[in-house]
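Laboratory data are not the source of any read-out in this text; all were calculated from the coordinates shown. Since the structure is predicted, the reported quantities are computational estimates derived from the model, not experimental observations. Cβ placement follows ideal geometry from the backbone for every residue including glycine, while neighbour counts extend to all protein chains displayed.
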Amino acid sequence: MPLALTLALVVYWPLSHLFSTLFTRAGSEALWQVLSAGRYRTSLLNSLLLSVAAAALSLLLSLIPAWVLARERFRGQGLLRGLISLPLTFSGVLVGFLAVVMLGRAGAVPSLLRFLTGRELLAGSAYTLGGLFTAYLYFEVPRAVMTLEPSFRRIPGELDAAARSLGAVPLSRFGRVFLPIAAPALRATFALAFSASLGSFGVALMLARRFTVAPLEVYTQLTGFSNDSVAGALCLVLAASSFLADRLLSGGRA
Amino acid sequence: MSSITTSEMRKSPLLPILWIAAAGALLGAGEKLVIQYDCIPSYANWEGVTALYKKVSGVTVPPDAKGSSVAMLALEKEKDHPLADCAYYSGAIGFQAARKGLHQPYKPKGWEKIPDTLKDPDGLWWTVHTSAIALIVNTKALGEAPVPRSWADLLKPAYKGTIAYDDPTWGGTSYTFVYGINELMGGGASNFRPGLEYLSKLDANVSSYPRESVYNAVLRGEIPIWINADGNGYKMRYADNGPVEVVIPTEGTFVMPLVMGMAKGAPHPKETKKYLDWLLSDQAQAEFARGFFLPVLAGSVPEDLAAKFLPPSEYKRAHTLDLASMAAAADALKKAWLDEIRGSGR
């Protein structure tokens with residue numbers, strides 16, 4: 001009950017408020033403005049593409065660590081899990097700051113490379129699209145590992161053993177036993193990583209130079225121009241995309 | 001058993017709400033308050049100023065992390081239920097806030113000593129101190145390259161990737177720079193071409209357009225040249241002992257007035273007026289100077305500090321901008337900058 005009350009107060013009430021502006025003239029005009037060509041649509045497309053790419057790659061990268069954590073028993077496992085999940089506790093601005101400290105103009109990595117090779121390598125790469133993408137992976141991979149691990153643990157080990165005893169090679173065991181069972185978890189993880197990337201703001205705030213993403217555009221319109229209607233329309237599209245992704249990808253699970 | 005209870009308590013969403021309510025009740029009951037929007041402790045020595053006021057009057061002015069634009073936005077959103085007593089802004093934004101009817105007129109003690117160009121005739125806003133736009137140069141991070149002396153110098157290939165100025169849609173200081181450079185290059189309130197042309201040439205050397213405080217990044221050498229308020233550079237040099245030089249470009253620069261306004265419907269009007277009076281006292285003005293912002297009342301800089309500013313001859317090149325035209329051009333110029341300098345967003 002307290003949960004329902006809190007949700008109603010801090011999620012559904014503002015959301016319905018936002019949604020109702022759609023039916024005012026200014027609101028629907030802003031939505032049209034956001035969806036037609038230009039800076040706002042670019043920011044939305046950038047957001048969607050970046051989030052799909054970040055979700056896909058982080059899902060791929062998280063498979064092996066999640067599997068190892070779920071299926072193997074070894075000393076220091078708890079510590080390893082803790083270390084992997086650590087970046088989850090950092091806010092986006094902090095991750096952006098970390099990227100600057102590591103990959104900025106005077107960052108640790110370029111300084112090390114200069115020391116080793118005597119040349120300027122990767123200096124300022126934090127401010128490029130590659131740097132931004134790396135920073136997204138930095139907090140998406142741990143999230144994916146942490147959501148995949150419990151579902152991997154639920155896959156019965158006997159199935160794999162049975163397939164092996166029937167002579168299946170690792171590749172076909174992966175394709176015919178593991179994938180069908182794990183598919184719902186993989187889809188759900190993808191949807192979660194996608195939504196989290198879509199809403200991420202702090203990293204882009206710190207790193208994006210020309211490139212823009214929708215949450216950043218919301219911030220700029222609000223603080224720079226007091227442009228509520230465009231900011232609201234962008235929020236609506238973001239919320240709808242994230243809702244859709246969740247429905248389409250993990251809807252079947254429940 | 002006891003650990004279960006604690007963890008369950010931690011999960012209850014009611015608990016933080018209770019804490020906030022308790023803290024609010026304590027604040028409300030215990031002490032006198034003046035709420036100032038945009039009261040960033042590290043900026044213009046507000047930390048020292050508000051601590052001193054607490055000492056002399058017992059009244060608390062809590063820190064507030066909103067920048068000028070966000071402060072104006074908050075006043076606008078809360079118009080029907082005002083929470084703030086006063087706000088501090090970079091000049092053009094304070095002017096705009098007054099225009100939007102967010103302020104009530106008040107002429108604090110010492111009002112008549114403020115130069116006419118630095119206050120509203122009706123008392124809707126007035127300057128408390130000024131700063132000049134300057135090049136803040138981290139000489140160590142610049143390496144071999146000589147310290148730039150002019151706006152023209154900044155376009156040289158030697159400075160590639162070394163320059164940053166804040167996103168003008170985020171900060172008033174940077175908006176002052178963008179508006180001022182346009183005027184200096186021959187543009188005006190309705191013609192942004194000359195400024196945008198200079199800025200797009202400058203873009204080749206710019207590493208980032210920050211939307212957060214990069215004071216520490218400059219001090220560390222991540223950003224060797226920062227176009228910002230001179231006071232921030234003096235503070236790096238004298239308070240933080242950084243390898244920093246402050247340069248007033250040879251072609252000239254712009255003075256940025258920093259202003260106060262009393263909010264319409266201020267919840268603590270009596271305390272607020274006393275506080276606003278005090279901000280123009282010798283004591284408060286000298287305290288602002290410790291943050292290296294130039295007090296608006298002449299002669300209030302303590303002698304030991306005066307020697308640390310560049311000599312007055314350098315400041316002869318700093319021009320005052322017309323706040324009315326600056327505020328009128330704000331939305332259009334910021335939008336043009338966004339489209340042409342930050343680019344299409346791709």
If I build a Gaussian network model for chain A, linking alpha-carbon pairs within less than 10 angstrom, which residue out of A:R119, A:R153, A:R81 has the largest mean-square fluctuation? A:R119
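Once Rh is set to the Kirkwood radius over Cα pairs, what Stokes-Einstein translational diffusion coefficient, in µm²/s, holds for the protein assembly as shown at a temperature of 25 °C and a viscosity of 0.890 mPa s? Could the numbers behind the result be given before it?
Numbers: Rh = 27.0 Å.
After rounding, the answer is 91 µm²/s.
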Charged-residue dipole, Cβ positions (Lys, Arg, Asp, Glu), the protein assembly as shown about Cα centre, Debye nearest 20: 1760 debye
Surrounding charge for B:L52, neighbours by C-beta under 13 angstrom, Lys/Arg +1, Asp/Glu -1, total 0
Compute the signed sum of charges (Lys and Arg +1, Asp and Glu -1) over the other residues within less than 10 Å, Cβ to Cβ, of B:Y106. 0
Select from A:V145, A:V237, A:V109 the residue whose mean-square fluctuation is largest in a Gaussian network model of chain A (Cα-Cα springs shorter than 10 Å). A:V109
Expected integer from the mean partner chain Cβ neighbour count at 10 Å over B:62-70 is 1
Listing B:D38, B:D80, B:D64 by rising number of other beta-carbon atoms within 10 angstrom, fewest first, gives B:D80, B:D64, B:D38
Which of rounded, prolate or oblate describes the range B:192-346 when judged by the alpha-carbon gyration tensor and an a/c cut-off of 1.5? oblate
What pairs from B:K274/B:K308; B:K156/B:K334; B:K235/B:K308 go past 20 Å between their alpha carbons? B:K274/B:K308; B:K156/B:K334
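Taking the Cα centre as origin and putting +1 on Lys and Arg beta-carbons and -1 on Asp and Glu beta-carbons, what dipole magnitude results for the range B:241-310, to the nearest 20 debye? Each step should come with its number before you reach the end.
Working: 6 positive and 8 negative charges, 88 e Å.
Its charge dipole is roughly 420 debye.
Taking only C-alpha pairs under 8 Å that are 6+ residues apart, what is the relative contact order of chain A in percent? The partial results should precede the final answer.
Working: 279 pairs, mean separation 73.8, N = 254.
Once divided by the residue count of chain A, the mean separation gives 29 percent.
Set the Förster distance to 51 Å, then compute FRET efficiency between A:A162 and A:V109 from the Cβ-Cβ distance, nearest 0.05. Spell out each step's value before the answer.
Details: r = 47 Å, r/R0 = 0.92.
After rounding to 0.05, the efficiency reads 0.60.
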Once the dipole of the range B:249-346 is set up from charges on Cβ (+1 Lys and Arg, -1 Asp and Glu), the residue from the list B:G299, B:L321, B:A289 lying farthest towards its positive end is B:L321
Roughly what angle does helix B:14-30 make with the longest principal axis of chain B, taking Cα atoms, 0 to 90 degrees, to the nearest 10? 90 degrees
Test of understanding: in a Gaussian network model of chain A with alpha carbons linked when under 10 Å, which of A:S20, A:S85, A:S151 would top the mean-square fluctuation ranking? A:S20
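Return the calculated 222 nm mean residue ellipticity for the protein assembly as shown, to the nearest 500 deg cm²/dmol, obtained by summing -39500 (n - 2.57) across DSSP H runs with n ≥ 4 and dividing by the residue count.
Values: 29 runs with 332 residues, N = 600.
Here the helix-only value at 222 nm equals -17000 deg cm²/dmol.
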Long-range amide H partners of B:H129, meaning residues 5 or more apart or on another chain whose placed amide H is closer than 5 Å, are B:L258, B:V296
Report the rotationally averaged projected area of the range A:21-249 based on its alpha-carbon convex hull, in square nanometres. 16.4 nm²
Considering the convex hull of the alpha carbon atoms of chain B, report its projected area averaged over all viewing directions, in nm², one decimal. 21.3 nm²
Which Cα, out of A:A4, A:G157, A:G38, lies furthest along the positive dipole direction of the protein assembly as shown (beta carbon charges, K/R +1, D/E -1)? A:G157
Just to be sure I understand the model, the point goes 7 Å from the Cα along the line to the Cβ. What's the resulting B:I40 to B:E78 distance in nm? 1.9 nm
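How would the range A:124-254 be classified by its alpha-carbon gyration tensor: rounded, prolate or oblate, with rounded meaning a/c under 1.5 and the a/b versus b/c comparison settling the rest?
Numbers: a/c = 4.09, a/b = 2.20, b/c = 1.86.
In terms of gyration-tensor shape, prolate.
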Quote the relative contact order of chain B in percent (integer), defining contacts as alpha-carbon pairs under 8 Å separated by 6+ residues. 25 percent
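Could you work out the relative contact order of the range A:83-135, using alpha carbon pairs under 8 angstrom and six or more residues apart, expressed as a whole percent?
Working: 49 pairs, mean separation 16.7, N = 53.
Once divided by the residue count of the range A:83-135, the mean separation gives 31 percent.
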